[in-house]
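The values are calculated or read from the model by the stated rules, or taken from the named source; none is laboratory data. Keep in mind the model is a prediction, meaning the values are calculated, not measured.
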Amino acid sequence: MRNINDKILLRKRALIETINDELKNICQIEHSRHLSVLNFVSNAIAGLIAYSFLPKKSSY
């Protein structure tokens with residue numbers, strides 16, 4: 001039987017996969033091994049900044 005945390009994460013998986021796809025494909029975030037935590041953080045922040053400058057999509 002799955003525990004409650006697994007069920008919650010499974011429900012949020014689609015949202016997480018969508019965001020990861022946008023960051024990787026649109027903002028050129030790479031999935032690579034970073035030699036230091038600072039390199040990872042700087043790469044992630046750069047991608048989030050690029051994402052914030054994307055044109056906003058209208059919601060219906």
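Only one of the numbered conditions (1) modelled with pLDDT under 75; (2) part of a helix (DSSP H, G or I) is violated by residue 40, and that is (1). Kindly establish whether residue 9 is in a helix (DSSP H, G or I), at pLDDT 75 or above and hydrophobic (A, V, I, L, M, F, W, C). Here the answer is yes, as residue 9 does meet what is asked.
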